[in-house]
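Would you mind keeping the following structure in view while I ask a few things?
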Protein chains: 2
Amino acid sequence: GRFNLTVLVNTEAVAINRKQKTVTAKKLPGGELSDYPYDKLLLAPGSCAVRPSIAGADLPEVFLLKDVGGTAALKNFLNSQKPERAAVIGGGSIGLEAAENFCALGLKTALIEASGQIMPAFDPEMAAILQNHLRQKKVDLRLNTLVSGIEKKRGGLVLRLSGEKGGGLKADLVLLSMGVRPETSLAAAAGLKIGKSGGIKTNRFMQTSDKDIYAAGDAVESIHAATGRPFIAALAGNAGKQARVAAAHIAGEKKTFGRVLASAAVKVFDLTACVVGANEKELKAAGLNYDKVYLHPASRAAYYPGGSPLSIKLLFAAGSGKILGAQVIGKSGADKRADVFAAALKSGLTACDLGELELVYAPPYASARDPVNYAGDVAAQVLTGGLRQAFWQDAPLPGGGGRFLLDVRTAAEHAGAPINGALNIPLHELRERTGELPKDKTIYVFCHSGLRSYIACRALTQKGFDAVNMSGGYMSWREIALEQGLIKER
Amino acid sequence: GRFNLTVLVNTEAVAINRKQKTVTAKKLPGGELSDYPYDKLLLAPGSCAVRPSIAGADLPEVFLLKDVGGTAALKNFLNSQKPERAAVIGGGSIGLEAAENFCALGLKTALIEASGQIMPAFDPEMAAILQNHLRQKKVDLRLNTLVSGIEKKRGGLVLRLSGEKGGGLKADLVLLSMGVRPETSLAAAAGLKIGKSGGIKTNRFMQTSDKDIYAAGDAVESIHAATGRPFIAALAGNAGKQARVAAAHIAGEKKTFGRVLASAAVKVFDLTACVVGANEKELKAAGLNYDKVYLHPASRAAYYPGGSPLSIKLLFAAGSGKILGAQVIGKSGADKRADVFAAALKSGLTACDLGELELVYAPPYASARDPVNYAGDVAAQVLTGGLRQAFWQDAPLPGGGGRFLLDVRTAAEHAGAPINGALNIPLHELRERTGELPKDKTIYVFCHSGLRSYIACRALTQKGFDAVNMSGGYMSWREIALEQGLIKER
């Protein structure tokens, strides 16, 4: 064999005997017990999928996508039973990927999520972009909705729902994708320390509270790079890195595992959604003093065909500007920018440093000033006080709740995609038409994505107006307005 | 107007009068001269395209792609004259992009390059990948070939070629893409300091040798981030960054422009080729002590459809491991990895740090261990002495010039894509078949891309053999062998 390893399959570890330094394992089937001695032991039990304690959760039409067996069972059911309606419970990565594939197979698909947003690693206004996309793809999305039971009836299953989109929902199959929990039973029974997050506690060499027992993977507690808080990352990339560190330490090397960015990507139909570092919810919970910017730059040179806008939210420390997190969503080029943010966050760069990064440019791949550079530029303006901003989600919609809204897009843009109550003065006319603006009110300025409104704010501030930029412009407003049902997708 | 600027078009600056602090400019057409006063002056003259002093270079069928006029003239010629054969002189980005587009229009296309490789920012063995791809796309590639003249004959042009692929070459149009030179005539005439590289010398605020005159863009000399040497970068991204720094300094801000990575990307038919930092030629010329690794990881999870291998060359300082440069070529995902290398290089990370980067992962975008992580892993093995390597381009081909070559691929891989003279022992049989290997010779081990051969080297070294890994494996050998005509594209 390649590595000269002894591999025991169909063998379940049932106890760790720390004093004797042995593991008791049960041969399957049969259940014959044996003890295996160890000098160093590595625990990599992973996680187990959450299965809710509701009636009907164990029906044969209810599936989990946690292992090969579950996947094969679902595939077999799809092929043999030709179901027409799928209900997915839980709006995380697995649920979204499953919903996309059910739709691709022609199934009428519902996605039921207990909380007010899908993909909890994102902030609600960014998750809204994904939610609007799901609705556009005809997914029956039911947020703030709970499943209390699944019944088998003549003609299929009926899910009993309560909450915002309650009632009875008919389906031919149900997929449970309600997340995972660290599998810590063996470790806990052996008296190893379990952290507040529910994961096995380790040091930076991946040693548990017993120095001869290491742990790696989804069962382990991580420390967040941006917040310093313990949490469960449960990400494949980290599992591999932890395993390498544990192996290196067992072999006498000095490698360490550090804090975790929890970088993640998910494909949601035509969109790629990526998150790196902390989101705003986590920063708030950790009590950190942060600032943020939204922008919607083009994924490549505007004149090169096939580009599309990216939606970027960048979070950074107020004052120092240290990058704390980023969320990037778009049809192409989102994962690239997220990876650059990840490398920058890991390196301790500030948001201002992003403006200086020298990224590769040719029109098929980027603009000469990359979206990452733009994010750095806008953040730098915020950090130096050159740009005051406000956020759509802080203002009652529509119309910004009594705010004086100035739209500096062209007249055609304004007419084609209006925001109620906004005054339109195109940027190129602004210097001549300041007489139409109030001197005694804060002027909230927006354009399509935020560049023209920034220029407008600078010009207005120089002329003595109290001007504030609506971060992310119409593009950011649109997603919130769609989510709230104020406007309809065209 | 948006910025309230006075813009003088059709006005050519002809002299800078530094004492009077005025610029003399000529109105076009007419030639009327006027003096314009300045407090601070910014020079952004850009570069001019090289036009060789050969007979026929000014024929109407000979084009330059430097400005809108040249592009429009070429497009008009293509539409009106329906040429069938194009000759491109010069194998830089412009030449390659033009060749691709000529082919897409159905023209028989030749690319003539005076040196032994195209794309001088790459090292020859990496440029070979692009050269093999051009030949596969039926481009008549003529390296080490010079054009001594272009003649207009009945039935089209004839190019007189000398060198490796000399003779007469028929064409209906010629594109000159022999690079650019900094446009420094105005600056030089005004007595401003010009650097060794031929560009205008500036400090980090973009001030020239006259503190009231700034310069930015292709006309300016840059200092290379990896080698510390002056050079001309002539890249759009840097031009913009320099202009911002100059403008900030004129406005009293403290921004500075630093050393330059010269990050660049070019699309060559189906391939994306990216370079960041120094190449090996530059490191050699600068006398730096470096090391390097080659690898060919998959652009995304192997089981997810549509992925393709990347070819990565990573250069780093011997000893410290500081990243010095990277070259990445592939069908997809090359620009993403190059951008991560660029961010890492800018942040002063070491090659080992690359293994720790937490990049976003989902199967459509990457593997759980990203190609950038793999590059870090291999470099770390080199830096810690865990991996000794040799390089195909250092060994006379085929067969590695008397080296004892061990192929640890499967028997089917070995038979399907052999390297002459290599002994095949598949990795999974190696531990049982070491009796077939010499104890008194260095064993040069290779596999498809370098992972299995690394494992083999570790196992052989543990058993007392003198084993060396052929960096990049068969994939790297193949490109050199194709380039040298030892094997044919299938």
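A quick yes/no check of all residues on (1) among the charged types (D, E, K, R); (2) modelled with pLDDT under 95; (3) farther than 28 Å from B:Y365 by Cβ:
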residue: B:A273; (1), (2), (3): no, no, no
residue: B:V276; (1), (2), (3): no, no, no
residue: B:K281; (1), (2), (3): yes, no, yes
residue: B:A285; (1), (2), (3): no, no, yes
residue: B:L288; (1), (2), (3): no, no, yes
residue: B:G307; (1), (2), (3): no, yes, no
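On to the next question. Just name the residue that is farthest from B:K322 (Cα to Cα) out of those in the stretch B:336-375 that are more than 7 Å from chain A (Cβ to nearest Cβ) and of a type in the set (S, T, N, Q).
Across the stretch B:336-375, the extreme among qualifying residues is B:S367.
Return a yes/no flag: does the stretch B:279-298 have any residue that is within 12 Å of another protein chain (Cβ to nearest Cβ) and crowded, with 16+ Cβ neighbours inside 10 Å.
Within the stretch B:279-298, the first condition is being within 12 Å of another protein chain (Cβ to nearest Cβ), and the residues that meet it are none.
For the stretch B:279-298, residues within 12 Å of another protein chain (Cβ to nearest Cβ) and crowded, with 16+ Cβ neighbours inside 10 Å: absent.
Filter the stretch A:132-148 for residues that are within 18 Å of A:S177 (Cβ to Cβ) and out of contact with any Leu (no Cβ under 6 Å at 6 or more places or on another chain) and give the result.
A:K137, A:D140, A:R142, A:L143, A:N144, A:L146, A:S148 - these are the residues of the stretch A:132-148 that are within 18 Å of A:S177 (Cβ to Cβ) and out of contact with any Leu (no Cβ under 6 Å at 6 or more places or on another chain).
Tell me which residues, restricted to the stretch A:461-473, are among the hydroxyl-bearing types (S, T, Y) and open to solvent by less than 20 Å² (accessible area, probe 1.4 Å). Working first, answer last.
So the first thing to find is which residues in the stretch A:461-473 are among the hydroxyl-bearing types (S, T, Y), and the list is A:461, A:471.
Selection gives A:S471 alone.
Also, I was wondering about something else. Can you find a residue that is part of a helix (DSSP H, G or I), more than 12 Å from chain B (Cβ to nearest Cβ) and open to solvent by less than 30 Å² (accessible area, probe 1.4 Å) anywhere in the stretch A:328-335?
Residues of the stretch A:328-335 part of a helix (DSSP H, G or I): A:334-335.
Adding the requirement that they be more than 12 Å from chain B (Cβ to nearest Cβ) leaves none.
No, every residue in the stretch A:328-335 fails to be part of a helix (DSSP H, G or I), more than 12 Å from chain B (Cβ to nearest Cβ) and open to solvent by less than 30 Å² (accessible area, probe 1.4 Å).
Further question: Output the residues belonging to the stretch A:400-439 that are part of a helix (DSSP H, G or I) and touching a strand residue (DSSP E or B) at 6+ places or on another chain (Cβ under 9 Å).
In the first step, residues of the stretch A:400-439 are kept if they are part of a helix (DSSP H, G or I); the result is A:411-416, A:427-430, A:434-436.
Selection gives A:A411, A:E413, A:H414, A:A415, A:L430, A:E436.
May I ask you to list the residues in the stretch A:210-245 that are in contact (Cβ under 8 Å) with a residue 60 or more places away in the chain, part of a loop (DSSP other than H, G, I, E, B) and farther than 19 Å from B:L359 by Cα?
Residues satisfying the conditions are A:D210, A:D212, A:A219.
Another one. Can we say A:A265 is touching a Ser or Thr at 6+ places or on another chain (Cβ under 7 Å), part of a strand (DSSP E or B) and either within 11 Å of chain B (Cβ to nearest Cβ) or at pLDDT below 95 (or both)?
On the way: touching a Ser or Thr at 6+ places or on another chain (Cβ under 7 Å): yes; part of a strand (DSSP E or B): yes; either within 11 Å of chain B (Cβ to nearest Cβ) or at pLDDT below 95 (or both): yes.
For A:A265, the condition - touching a Ser or Thr at 6+ places or on another chain (Cβ under 7 Å), part of a strand (DSSP E or B) and either within 11 Å of chain B (Cβ to nearest Cβ) or at pLDDT below 95 (or both) - is met.
Listed residues A:L482, A:L397; which is out of contact with any strand residue (DSSP E or B) (no Cβ under 9 Å at 6 or more places or on another chain), open to solvent by 30 Å² or more (accessible area, probe 1.4 Å), of a type in the set (A, V, I, L, M) and under 25 Å from A:R135 (Cα atoms)? Even if it seems obvious, please write down each step before you answer.
Numbers: A:L482 fails: open to solvent by 30 Å² or more (accessible area, probe 1.4 Å).
When all the criteria are applied, what remains is A:L397.
Could you say which residue among B:A390, B:A422, B:A380, B:A412 is without any contact (Cβ under 8 Å) to a residue 60 or more places away in the chain and surrounded by fewer than 19 Cβ atoms within 10 Å (Cβ to Cβ)? Before the answer, list the steps.
Working: B:A390 fails: without any contact (Cβ under 8 Å) to a residue 60 or more places away in the chain; B:A422 fails: surrounded by fewer than 19 Cβ atoms within 10 Å (Cβ to Cβ); B:A380 fails: surrounded by fewer than 19 Cβ atoms within 10 Å (Cβ to Cβ).
Checking each option against the conditions leaves just B:A412.
Scan the stretch B:59-90 for residues that are of a type in the set (D, E) and touching a Lys or Arg at 6+ places or on another chain (Cβ under 8 Å) and report the count. Before you say what the answer is, go through the steps one by one.
To start, the set of residues in the stretch B:59-90 that are of a type in the set (D, E) comprises B:61, B:67, B:84.
Still in the list and also touching a Lys or Arg at 6+ places or on another chain (Cβ under 8 Å): B:61, B:84.
Looking only at that region, the number is 2.
Residues that are closer than 22 Å to A:A248 by Cα and either open to solvent by less than 90 Å² (accessible area, probe 1.4 Å) or not basic (K, R) (or both): list the strands (runs of 3 or more DSSP E) wholly contained in the stretch A:6-50 that include at least 3 such residues.
On the way: elements: A:11-17, A:22-27, A:33-37, A:41-43, A:47-49.
Qualifying strands (runs of 3 or more DSSP E): A:41-43.
Restricting attention to the stretch B:1-57, which residues are within 22 Å of B:G198 (Cα to Cα) and either aliphatic (A, V, I, L, M) or within 14 Å of chain A (Cβ to nearest Cβ) (or both)?
Matches in the stretch B:1-57: B:A13, B:V14, B:A15, B:I16, B:L41, B:L42, B:L43, B:A44, B:G46, B:A49, B:V50.
Among the strands (runs of 3 or more DSSP E) lying completely within the stretch A:66-180, list those that include at least 1 residues that are touching a Cys at 6+ places or on another chain (Cβ under 8 Å) and either at pLDDT 95 or above or surrounded by 23 or more Cβ atoms within 10 Å (Cβ to Cβ) (or both). Break it down stepwise before answering.
Details: elements: A:85-89, A:108-112, A:140-142, A:145-153, A:156-163, A:167-171, A:173-176.
Of the strands (runs of 3 or more DSSP E) lying wholly inside the stretch A:66-180, those with at least 1 residues that are touching a Cys at 6+ places or on another chain (Cβ under 8 Å) and either at pLDDT 95 or above or surrounded by 23 or more Cβ atoms within 10 Å (Cβ to Cβ) (or both) span A:108-112.
Which residue pairs have Cβ atoms closer than 7 Å, lie 6 or more positions apart in sequence or on different chains, and pair a first residue in the stretch B:141-166 that is under 21 Å from B:G485 (Cα atoms) and of a type in the set (S, T, Y) with a second residue that is open to solvent by less than 10 Å² (accessible area, probe 1.4 Å) and modelled with pLDDT of 95 or more?
Here the result reads B:T145/B:I112, each pair linking the stretch B:141-166 to a residue that is open to solvent by less than 10 Å² (accessible area, probe 1.4 Å) and modelled with pLDDT of 95 or more.
Can you name the residue in the stretch B:191-222 that is hydrophobic (A, V, I, L, M, F, W, C) and open to solvent by 40 Å² or more (accessible area, probe 1.4 Å) and is also nearest to B:L261 (Cα to Cα) among such residues?
Just the residues of the stretch B:191-222 that are hydrophobic (A, V, I, L, M, F, W, C), to begin with: B:192, B:194, B:200, B:205-206, B:213, B:215-216, B:219-220.
The next check asks that each one be open to solvent by 40 Å² or more (accessible area, probe 1.4 Å); those that pass are B:194, B:205.
On the way: B:I194: 21, B:F205: 18 Å.
Across the stretch B:191-222, the extreme among qualifying residues is B:F205.
Would you mention how many residues in the stretch B:465-490 are at pLDDT 95 or above and in a loop (DSSP other than H, G, I, E, B)?
Number satisfying all stated conditions: 3.
The values are calculated or read from the model by the stated rules, or taken from the named source; none is laboratory data. Remember, predicted model here, so these are calculated numbers, not experimental data. Quick reminder, even Gly has a Cβ in these numbers, built from the backbone with ideal geometry, and neighbours come from all protein chains shown. Accessible surface is based on the protein model in full, side chains and every heavy atom, while ligands, DNA and RNA are left aside. Shrake-Rupley method; radii C 1.70, N 1.55, O 1.52, S 1.80 Å.
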